[in-house]
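One structure is given below, encoded as structure tokens.
The values are calculated or read from the model by the stated rules, or taken from the named source; none is laboratory data. Being a predicted model, the structure only gives us computed values, none of them experimental. All Cβ positions, even for glycine, are placed from backbone atoms using ideal geometry, and neighbour counts span all protein chains on display.
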Amino acid sequence: MSDDIFSGKKIILGITGCIAAYKITFLIRELIKRGAEVKVVMTPSAAEFITPLTLSTLSKHEVIINAFPKSQKDGTDFSTWHIDYAVWADLMIIAPCTVNTAAKIAHGFADNALTTLVSALRCPLLISPAADVDMYENKITQQNIKKLEENGYYILQAEEGELASGLSGRGRFPEIEKIIDAAELILSGYNKDLKTKKILVTAGPTYEDIDPVRFIGNRSSGKMGFEIAKAAFLRGANVTVISGPVKEKIYPEIKLIKIRSAAEMKKAVEMQLKENDILIMSAAVADYMPSTISTKKIKKEDKLTSIKLKETSDILASLEKKDKIVVGFALETDNEIKNASKKLVAKNLDMIVLNSLKDKKSGFEVDTNKITIINKIGKQTRFPLLSKFQAANKILSEIVKIKNQ
Ligand code: CTP
């Protein structure tokens, strides 16, 4: 997309001495692919893990390691480089950030090129700390990370899992896509405004079985729901996803409950809603299911010419919604606003998100969507064609408004 938020953005990438530093080449490539300009600043110990030559080749800029660098071109001093960089940048990302660098920044040290630059920074700073489990869980490290967050820096907490040492626990560096998502979130002006909120999201299609090999399904890819879940997580919420069969991946911190049929989804939603404050029902739930499911594969010689159907139960309509914010979706082809508004009232929702199928780049199996949000008092907000991640953030911001009303 030409209107990618990264297009023309100036990003400083700070790299510190952690084994995960080798993954940063992919981050640089992705940022540049999406239109950003990237300059790298690294600590001397980061250069033990990845060569400055690799990073300068990828970023097409000289890499700064020394606090008193000399230009590789003509040997001149970059005396005020740290101020020039600080003024230049739209965003700085420190990934991976060692416990040592986290500690230094938390205490205002400016003792190398990277920490000196941070002390002069004007733009937002995204910090992705990573370390072995004991170093990460160390009380002082945790206090430092907390302090960094309290001071307005965006912290992308390390994940739990297998670590380079062979140990297992918290400290794992996240996938590059997650750092990109967090960077996009920050560049779009969002922060962790959903902290303390518990959000339940449904996604994908439901499959209604006909026999052991066949089913009735729909074309929902689950993308919209998964992007809502990711955006909500990055904005600080505790997120659970109930999803039909999809290929989409989700962050490991998000609880994923896999279901298959509308009946299974209903059961899961009823169970999980008790634990959550907000339900966003983006799943494309089947309205009909076969009246009977054949236990044996239906054979050609059975000469089946029709399948008897019965209605599934409407999950949204039947839910007990007291003290919950409930958001529905409507996918329409005709009389869009009228039909969506009808569903908002009939299902007693706080808000409904209308998906347009009129635009080719909107709807199923694509990364973009054109949505209109209708709230309880009938106010309509139309959005242009957006990436599903950007659309997800618009939906979440409208929910924040309900919460504040
Ligand atoms: N929905 C639900 N349970 C169903 C069907 C739909 O909870 N059995 C939810 C969807 O997840 C969505 C909203 O209801 O949030 C509207 O879904 P949609 O399929 O557009 O509406 P329907 O009520 O099924 O009406 P129709 O298919 O006739 O347009």
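A few comments on the model shown:
- Within region 329-345, residues that are touching a residue at least 12 places away in the same chain (Cβ under 8 Å) and within 21 Å of Met224 (Cβ to Cβ) sit with their Cβ atoms under 6 Å from residues that are in a helix (DSSP H, G or I) and near the ligand (Cβ under 9 Å from one of its atoms), at 6+ positions apart or across chains, in these pairs: Ala330/Ala340; Ala330/Lys343; Glu332/Asn339.
Here's the yes/no breakdown for (1) polar (S, T, N, Q); (2) loosely packed, with under 14 Cβ neighbours inside 10 Å; (3) free of Cβ contacts under 8 Å to residues at least 60 places away in the same chain:
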| position | (1), (2), (3) |
| --- | --- |
| Leu148 | no, no, yes |
| Gly166 | no, yes, yes |
| Ile186 | no, no, no |
| Gly189 | no, yes, yes |
| Lys195 | no, yes, yes |
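- Some residue of region 208-221 being buried (at least 20 other Cβ atoms within 10 Å of the Cβ) and more than 14 Å from the ligand (Cβ to nearest atom): yes
- Subset of region 348-362 (residues that are under 28 Å from the mean Cα position of the chain (by Cα) and modelled with pLDDT of 95 or more): Leu349, Asp350, Met351, Ile352, Val353, Leu354
- Yes/no for Phe226 being in contact (Cβ under 8 Å) with a residue 12 or more places away in the chain, more than 15 Å from the ligand (Cβ to nearest atom) and under 27 Å from Asn191 (Cβ atoms): no
- Subset of region 17-58 (residues that are among the hydroxyl-bearing types (Ser, Thr, Tyr) and either surrounded by fewer than 22 Cβ atoms within 10 Å (Cβ to Cβ) or not assigned by TED's automatic domain parsing to the domain that holds Ile179 (or both)): Tyr22, Thr25, Ser45, Thr51, Thr54, Ser56, Thr57
- Every residue from region 367-398 that is of a type outside the set (Lys, Arg), exposed (fewer than 14 other Cβ atoms within 10 Å of the Cβ) and either part of a helix (DSSP H, G or I) or out of contact with any strand residue (DSSP E or B) (no Cβ under 8 Å at 6 or more places or on another chain) (or both): Ile377, Gly378, Pro384
- Among residues of region 150-164 that are at positive phi, those with a beta-carbon under 8 Å from a residue that is loosely packed, with under 13 Cβ neighbours inside 10 Å at least six positions away or on a different chain give the pairs Gly161/Ser168.
- Flag if Met271 is of a type in the set (A, V, I, L, M) and without any contact (Cβ under 8 Å) to a residue 12 or more places away in the chain: yes
- Exactly one residue out of Ala283, Ala317, Ala262 is more than 25 Å from Lys376 (Cα to Cα) and either in contact (Cβ under 8 Å) with a residue 24 or more places away in the chain or outside the structural domain of Asn355 (by TED's automatic domain parsing) (or both): that is Ala262.
- Screening region 311-343 for residues that are polar (S, T, N, Q) and under 26 Å from Ile216 (Cβ atoms) and picking the one that is nearest to the ligand (Cβ to nearest atom) gives Thr312.
- Restricting region 284-310 to residues that are farther than 22 Å from Asn355 by Cα and among the small types (Gly, Ala, Ser), the residue that is nearest to the ligand (Cβ to nearest atom) is Ser291.
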